[in-house]
Amino acid sequence: KLRQVILGYKLPISNVGSLKFQSATLSAVARNLFILYSKTDNFDPESSNTSDNAQGLEAFGLPRTRSIGLNLQVKF
C-alpha cells in the first residue's frame, strides 16, 4: 500500500523581495493513494483487523480515506 507521498519545493528567498523570511517551503502531501499489490479485488487488508470470531472477514470495516493537500512552511 502506498501510504504517504510528500513532494516539496524550497522557494527562493530572492523572489520574495520586501518580506523578511528566512526560508519558505511549499509541499504537496498525499495519503492512501492506492494499494500496490493485493490478491483480492476491492479489499483493504488493513480494514479487517479484529480479534473476535470475524477474523479474516471483511465485516463492518470502513474504507480508508484518501487525502491530498498542500503545506506551506515559512520561517521568519
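Overview of values
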{"quantity": "For LEU11, distant residues with modelled amide H under 5 Å away", "calculated": "ALA24, THR25, LEU26"}
{"quantity": "Solvent-accessible surface ranking, highest first, for TYR9, TYR37 at 1.4 angstrom", "calculated": "TYR37, TYR9"}
{"quantity": "Per-residue HN-Hα couplings for segment 33-38 [Karplus 6.51, -1.76, 1.60; θ = phi - 60°; Hz; x = Gly/Pro]", "calculated": "5, 6, 8, 5, 8, 8"}
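The values are calculated or read from the model by the stated rules, or taken from the named source; none is laboratory data. Keep in mind the model is a prediction, meaning the values are calculated, not measured. For the accessible areas, the whole protein counts, side chains as well, though only heavy atoms, and no ligand, DNA or RNA atoms are used. Shrake-Rupley method; radii C 1.70, N 1.55, O 1.52, S 1.80 Å.
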